[in-house]
Amino acid sequence: MDIAIQIGVVLFQIVLVLGGVLTHVAYLTYAERKVLSDMQDRLGPMEVGPHGLLQPLADGLKLFFKEDIIPSGANKIIFSAAPILVLVPALIGFAVVPFGRDSLQIGSIEITPYIADLNIGVLYILAFASIGAYGILLGGWASNSKYALLGGLRSAAQCISYELPLGLALVGPILLAESLSLKTMTEAQGGGFWHWFIIVQPVAFVIYMICAIAETNRLPFDLPEAESELVAGFFTEYSGMRFSLFFLAEYGNMILVSCIAVVAFLGGWQAPFSFLEFIPPIIWFLAKIYFLLFFYIWLRATVPRLRFDQLMTFCWKVMLPLALVNALVTSIVKYIVT
Amino acid sequence: MSMDETQEEIIRPDHYGDDDFDTDLERTAPKKRVEDLLLNMGPQHPSTHGVLRIVLEMEGEIIVKATPYLGYLHRGVEKLSENSTYSQIIPLTDRLDYTCSMTNNYAFVRAVEKLLQVEIPERAEYVRTIVAEMQRLAGHLFWLGTQALDIGAMTVFFYTFREREVLLDLFEVLCGARLTMSYYRVGGVDRDLTKEIVDRLYKFLETFPENVDEYNTLLETNRIWLGRTRDIAVISAKDAVSFGLTGPALRGSGVNYDIRKAEPYGVYDKVEWEVPLGKKGDTYDRYWIRVEEMRQSAKIIKQCLDQLPEGPIAVDLPTITYPPRDKVTTDMESLIHHFMIATEGFDVPEGEIYCGTEVPKGELGFYIVSQGGNKPYRLRIRPPSFIHMGAFEHMARGYMVSDIITIFGTYDVVMGECDR
């Protein structure tokens, strides 16, 4: 009986988190279009619903009813599996993200603000993020198209390269919190914004943000899908629901990396001042995520795109050494202090 | 051969793509043959600015060979012209470089006027220069927006189109059209600048330099933009001349040649302006030159508006120009006169002429052979886009796939003009 209740609670949490994430993904596309158009002197979606608010639904419906095309010569199994391989890692990471402080108590049932508190939470997310690169590579390869192949190769190279400095940037917060668990990490940053790890690890934060943008294939690092040269990159040949799975994964990843940035550097659900603690932690968490997402969109409106060789040079010659030095200095200082 | 047999012959294996791949692997694997990757870009590609097809031979992402295939937009403008009267050709020239139809009209009517040896009234010259420079602004704005979009800076595109829209609105007030304008006439222009247009133009020119600065804040010192344009598609002054490049593409390499200065037409010799010149001949120089030319064009328009004299807007030569409109509705002879010019056109004396005009993209030349009569015997167009395509491979070789579109955009190629 106990186990049944536990399973029920976990399922409820999963539905809640997934529902929340997918709603956010849908409205993130809307927000992106609206913010971009505001920055570009135009209106953006206005037709569907008031101020185009129902646009994500219309887009979803349209994609759902589109014909699902598998190109001749494509490897059917891999071609179908690739979008799933990309989407699942993007969504699975949310399992360990602590969204708030207090558990919800209903009678004897306790609902935690996270699905699981893994003691290797960060590692778990990074490991799954790497699997996403397989989906991209296989999707590009199985399409039997040169554009998709080039896009897939680029993307895989980019993801693997940028994962290194990304992981190394997270070493700082891990050392400071002395834990890989995202929950412990958040709790270690309690008591005002000057305890947040961004204050002691600004370099790591900048490296993390840059790598996160590269990891999610967004401007200025959106080469895998650079539409001016590779049409749409690795998902050139995809259509309908399969295409939308890639799309969901991209935006899901954006939210996921923002979640990690918030937890590792911006104090998670902690309020910046103790007198502001009357605002629920979940609101703080969301506010910080929205801020980072806005930053992504803002960046997209501002900068042009890098070239592939420049991107790789930047990663291996700038980001990686910086991240290594940062990790080294942090460990030495940490050793001396304690 | 019976029907069944023919049908059997065209049946292919279900996954013939897969089989193809396998046999390919078997054939190449033992010999370890290395092949360049052949990539067909276009004619339908999001950013080839029309229907251009390029076949790229690549080693990884580096371009070994880039062969452009033209002709997807060929409409036979030159041949059509042989069966049209001179005034019927003006709308055809609109469709050459459809982003800058005014300057195309100008280039054509200038060639015909040279053959006819007519003097254009002063006000008409001023109006022509103003309109041509407005078109240059619109053309360069269009170029800047699309070039930035190709490199990924999306916002610049919307900003430049915002200003271009103002100019197109003015064109609409002036001649009723926004894209294919057909505004110039042999011997003058179609309609006069009204006070409304002059006022709106002044207002536009007040804010325009600030707007150019706005685009530049997003690009000029942006490290990514510099990285994408500096030292890309470098062409030396010698090569640029050999390939016959003109316009900003030639001046980017530092060659001081601008027809507006070399053989002044219109009123370009009556106003003060400078020809911006590049040093290295890379994409950045060409970008800088176009931005600078926009500032110069604004200067030219402003001076022309200040100096704008009163007077007729078309030459008073009944053989080639229409009678005044109010007379057509009241006077029998004028009506007949109008009808004759509209239906039969006018005769042009025997002779040959080449006349080059500086359009936003370079030198647009019209070579007309006339054997008398109201139609040209032969009309040959020298489109800058087509000549620039010739240098494309020279400039693209050795750069990366990501640079292809940048290189393509840097000459400001429009396929309508390239294929004619």
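What follows is calculated from the coordinates using simple rules that are stated; it is not laboratory data. Everything numeric here is computed off the predicted structure, so don't read it as measured data. When we count neighbours, we look across all protein chains shown, and the Cβ atoms used for this are built from the backbone with ideal geometry, even at glycine.
Per-structure values
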read-out	value
Subset of the range A:17-30 (residues that are within 16 Å of the chain's Cα centre (by Cα) and touching a residue at least 12 places away in the same chain (Cβ under 8 Å))	A:Val17, A:Leu18, A:Val21, A:Leu22, A:His24, A:Val25, A:Ala26, A:Tyr27, A:Leu28, A:Thr29
Count - residues of the range A:40-87 that are more than 16 Å from A:Phe246 (Cα to Cα), touching a Phe, Trp or Tyr at 6+ places or on another chain (Cβ under 7 Å) and either within 14 Å of another protein chain (Cβ to nearest Cβ) or surrounded by fewer than 13 Cβ atoms within 10 Å (Cβ to Cβ) (or both)	3
Meets criteria (more than 27 Å from A:Ile92 (Cα to Cα), without any contact (Cβ under 8 Å) to a residue 60 or more places away in the chain, touching a Gly at 6+ places or on another chain (Cβ under 7 Å) and not β-branched (Val, Ile, Thr)) for A:Pro45	yes
Hits in the range B:345-373 (condition: touching a Gly at 6+ places or on another chain (Cβ under 7 Å) and surrounded by fewer than 17 Cβ atoms within 10 Å (Cβ to Cβ))	B:Asp347, B:Pro349, B:Glu350, B:Tyr354
Matching residues in the range A:303-328 - criterion: being facing chain B (nearest Cβ under 7 Å) and either under 30 Å from A:Ser37 (Cβ atoms) or in contact with a Lys or Arg (Cβ under 9 Å, 6 or more places away or on another chain) (or both)	A:Val303, A:Pro304, A:Arg305, A:Leu306, A:Arg307, A:Phe308, A:Gln310
Considering residues of the range B:384-403 that are surrounded by fewer than 17 Cβ atoms within 10 Å (Cβ to Cβ) and in a loop (DSSP other than H, G, I, E, B) only, the residue farthest from the chain's Cα centre (by Cα)	B:Gly398
Filter result for A:Gly240 (on the phi > 0 side of the Ramachandran plot, away from chain B (no Cβ under 14 Å), touching a residue at least 40 places away in the same chain (Cβ under 8 Å) and under 20 Å from the mean Cα position of the chain (by Cα))	no
Leading residue by the ranking (surrounded by the fewest Cβ atoms within 10 Å (Cβ to Cβ)) among those in the range A:147-182 that are within 18 Å of the chain's Cα centre (by Cα), hydroxyl-bearing (Ser, Thr, Tyr) and under 19 Å from B:Ser402 (Cβ atoms)	A:Ser161
Counted residues, the range A:102-140 - those being among the β-branched types (Val, Ile, Thr) and buried (at least 17 other Cβ atoms within 10 Å of the Cβ)	5
Any hit, the range A:250-259, residues being of a type in the set (D, E, K, R), in a helix (DSSP H, G or I) and either within 14 Å of another protein chain (Cβ to nearest Cβ) or out of contact with any strand residue (DSSP E or B) (no Cβ under 9 Å at 6 or more places or on another chain) (or both)	yes
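Conditions (1) within 23 Å of the chain's Cα centre (by Cα); (2) within 13 Å of another protein chain (Cβ to nearest Cβ); (3) not in a strand (DSSP E or B), marked per residue:
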{"site": "B:Asp192", "(1), (2), (3)": "no, no, yes"}
{"site": "B:Ile197", "(1), (2), (3)": "no, no, yes"}
{"site": "B:Tyr215", "(1), (2), (3)": "yes, yes, yes"}
{"site": "B:Arg228", "(1), (2), (3)": "no, yes, yes"}
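So that you can scan it fast, the table gives a plain yes or no per residue for (1) among the aromatic types (Phe, Trp, Tyr); (2) over 17 Å from B:Asp412 (Cβ atoms); (3) touching a residue at least 24 places away in the same chain (Cβ under 8 Å):
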{"site": "B:Phe142", "(1), (2), (3)": "yes, no, yes"}
{"site": "B:Asp150", "(1), (2), (3)": "no, no, yes"}
{"site": "B:Thr160", "(1), (2), (3)": "no, no, yes"}
{"site": "B:Glu172", "(1), (2), (3)": "no, yes, no"}
{"site": "B:Gly176", "(1), (2), (3)": "no, yes, no"}
{"site": "B:Gly187", "(1), (2), (3)": "no, yes, yes"}
